[in-house]
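The values are calculated or read from the model by the stated rules, or taken from the named source; none is laboratory data. None of the values given here were measured: they were computed from a predicted structure. Because the Cβ atoms are built from the backbone with ideal geometry, glycine has one as well, and the counts that use them run over all protein chains shown.
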């Protein structure tokens, strides 16, 4: 296990990426997009990301399991209903969609590309560790779920 695995909470990673996106957009400029268009796109993406995350959290609460990303060993159930029928990581996916909304508001193609930093970091240092913990805890049940549902989309 890497020293970074499960150490930096994903919301903090997203905040740092959002800050980096803003700094890059400020330093490199943005594309000329009318404020109303970029704001509309941003609001739509942020709300879509929020809806994805909320659907995931409600599904976890109903299943009676933890949403704490730094303690996957506290998970009490394999959740495969609701939005979890379509993606194994809707909370992270929703946050990535929200970051895309921030990039749309900034109107910066380079800033939008930086969303991939969030996805790459979370995939490597969060999701991989979570999946190992879930496999160790639930074995064949989680392995069957992995075989049916993709990690992201």
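Residues of region 133-145 being in contact (Cβ under 8 Å) with a residue 60 or more places away in the chain and under 22 Å from the mean Cα position of the chain (by Cα), which ones?
133, 134, 142, 145
Quick check, is residue 36 assigned to a helix (DSSP H, G or I) and surrounded by 13 or more Cβ atoms within 10 Å (Cβ to Cβ)?
No, not satisfied.
Which residue out of 128, 120 is surrounded by fewer than 17 Cβ atoms within 10 Å (Cβ to Cβ), part of a helix (DSSP H, G or I) and at pLDDT below 95?
After ruling out the rest, the residue left standing is 128.
Search region 70-92 for residues that are touching a residue at least 24 places away in the same chain (Cβ under 8 Å) and on the phi > 0 side of the Ramachandran plot and pair each with any residue that is assigned to a helix (DSSP H, G or I) and surrounded by fewer than 18 Cβ atoms within 10 Å (Cβ to Cβ) when their beta-carbon atoms are under 7 Å apart and the residues are at least 6 apart or on different chains.
Between residues of region 70-92 that are touching a residue at least 24 places away in the same chain (Cβ under 8 Å) and on the phi > 0 side of the Ramachandran plot and residues that are assigned to a helix (DSSP H, G or I) and surrounded by fewer than 18 Cβ atoms within 10 Å (Cβ to Cβ), the close pairs are 82/55.
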